Every structure is written in structure tokens, then in C-alpha cells.
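The values are calculated or read from the model by the stated rules, or taken from the named source; none is laboratory data. None of these values were measured; they are calculated from a predicted model. A quick note on method: Cβ atoms are made from the backbone with ideal geometry, for glycine too, and the neighbour counts reach across all protein chains shown. Calculation scope for accessible area: heavy atoms of the full protein, side chains included, ligands and nucleic acids excluded. Shrake-Rupley method; radii C 1.70, N 1.55, O 1.52, S 1.80 Å.
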Amino acid sequence: MLLIFDWDGTLSDSKAKITTSMQLAAIDMGWDPLDDHHIHNIIGLGLPEAIAQLYPDVDAFGRSCLRDAYARHFLALDEARPSDFFPGVIDVLNKLKEDGHILTVATGKSRKGLNRILGVLGLSSFFHATRCADETASKPNPLMLQQLLREFGMDVNDAVMIGDTEYDMDMARRIMMPRIAVSYGAHDISRLHSYDPVVCLDQFDQLLSWGRLG
């Protein structure tokens, strides 16, 4: 089976770091930082799309400056201590790979950002393929899912999207791909139920109990 994982909030416990980085960037710009919940709402989008949603009245130059400030703060925080994986992630991914499943990532991160963190974690060659928002289309556009299906010659019913946000669920539903929601990420699980996930996980290792992976 083709397993497509979101990164931030699904595999990586990076919500606090993303939130802090965006708030520090706003302070750099001389703006009042937004509350945590506003920032949690945009996790999963590509950075330009996230900033446009957070600051719809700011012009393109201001958004570009905020984007640079955010990237600077996130990099500094992540170099000081890379975000931990959620409990069980590495063991589960290794088991799924041993069982012959195709492991991929579809993320709102930039290609540069994802490559950097995969390198730091020693996982540069672990996933069979990855897609990032700045090289395709940002969620909830399903283009990155369609590209992964084409790359591996897989039917939509032989794949599943695993994620923690409405954007993950929405892009999968748009092409009728099965989807699995996790409850521990950026968006409250009550928001994900409306997208009809096939199962909701409270812990990542519960993925191994999903019948279609047996």
C-alpha cells in the first residue's frame, strides 16, 4: 500500500516551534503576535499560503519579510534542538517499511526545509518519495497526492493519507482517497470527523492495527 504521511503534527511534534517562530517573526515586524490557536489553524499549509491567511491585509512585501523572519527563527530553534517525533513513529515506520509498504511524505514544508531535517535525522533515503508545497501545490489542493499516485502507478484505493489537519483530510477527500486522522496534532479531532476518515488514531502506533495493513 502507498502510505502518505503529513509531517508537522503527524510525524513530527513541531507545533510549538512553528507557533513560537511565527510569533517571533511578527514581533520582528513590529506587529502584535497572534494567539496560538490562530497559528495552529494554518499548520499544514505552504508558508506563503499560511501567511496570507494569517495576515490578509498585509501587502506582498510585508508578507515576504515575515516569511524570511519566520524561516530565520524556525531554523535557529530547530538547529538548537530538532523537533522530536511523536512516540512510536520510528518503530512503526520501520515495521511498515519491512512489511513492504511504500512510505511517502506530503507536507506544507519547503523542499529545502524538509531536506534539511531529513538530513539531520539521518533519514534522507528512508522515504520512497516526498512532496513539498513549494514544488507542487499547497494543501488542500490534491496535486501532491496525484503526483505520488502517478509516480508509483497506484490506484487511489490502494493509498491512504495520514494527517492531523483539515487540509490533509480535504485534499484526500477531493480525489476520494482513503484518509486517516490523528487526534494529537494541530487541529482538534472534531474538525477532522466531518471529512469521514476511515479511522481516527489517538496514538501513532495504533496505525498498525488498521485492518488494511495486515
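Of the listed requirements (1) at positive phi; (2) in contact with a Ser or Thr (Cβ under 6 Å, 6 or more places away or on another chain); (3) at pLDDT 95 or above, residue 100 misses just one: (2). Within the set 125, 209, 110, the sole residue that is closer than 26 Å to residue 37 by Cβ, of a type in the set (S, T, N, Q) and modelled with pLDDT under 95 turns out to be 110. Could you please give the count of residues in the range 48-62 that are closer than 26 Å to residue 10 by Cβ, open to solvent by less than 70 Å² (accessible area, probe 1.4 Å) and part of a helix (DSSP H, G or I)? The number of residues fulfilling the criteria is 5. If you check 188, 158, 205 for being open to solvent by 30 Å² or more (accessible area, probe 1.4 Å), over 15 Å from residue 45 (Cα atoms), without any contact (Cβ under 8 Å) to a residue 40 or more places away in the chain and acidic (Asp, Glu), only one passes: 188. Within the option set 13, 32, being open to solvent by 60 Å² or more (accessible area, probe 1.4 Å), more than 22 Å from residue 189 (Cα to Cα) and not aromatic (Phe, Trp, Tyr) holds for one residue only, 32. Of all residues in the range 174-185, those satisfying the criterion of being of a type outside the set (Val, Ile, Thr) and either surrounded by fewer than 16 Cβ atoms within 10 Å (Cβ to Cβ) or under 18 Å from residue 40 (Cβ atoms) (or both) are 174, 176, 181, 183, 184, 185. If the condition is being of a type in the set (Val, Ile, Thr), more than 15 Å from residue 14 (Cα to Cα) and open to solvent by less than 20 Å² (accessible area, probe 1.4 Å), then the range 84-135 contributes 92, 104, 105. Taking each residue of the range 20-42 that is within 18 Å of residue 64 (Cα to Cα) and free of Cβ contacts under 8 Å to residues at least 24 places away in the same chain and looking for partners that are hydrophobic (A, V, I, L, M, F, W, C) and assigned to a loop (DSSP other than H, G, I, E, B) with beta-carbon atoms closer than 8 Å, six or more apart or interchain, yields 23/34. Across the range 183-203, the number of residues qualifying as in contact with a Phe, Trp or Tyr (Cβ under 9 Å, 6 or more places away or on another chain) and closer than 20 Å to residue 138 by Cβ comes to 2. Mind checking which residues of the range 74-83 are part of a helix (DSSP H, G or I) and open to solvent by less than 70 Å² (accessible area, probe 1.4 Å)? Matches in the range 74-83: 74, 75, 76, 77, 78. Of the residues making up the range 28-47, at least one is in a helix (DSSP H, G or I) and over 18 Å from the mean Cα position of the chain (by Cα). Do you know which of the residues in the range 136-155 that are of a type in the set (D, E, K, R) and farther than 21 Å from residue 51 by Cβ is most open to solvent (accessible area, probe 1.4 Å)? Per the stated criteria, the residue is 150.
Residue pairs whose Cβ atoms lie under 6 Å apart, separated by 6 or more positions or on different chains, with the first residue in the range 82-97 and closer than 20 Å to residue 213 by Cα and the second of a type outside the set (D, E, K, R) and not in a helix (DSSP H, G or I), are 89/11; 97/103.
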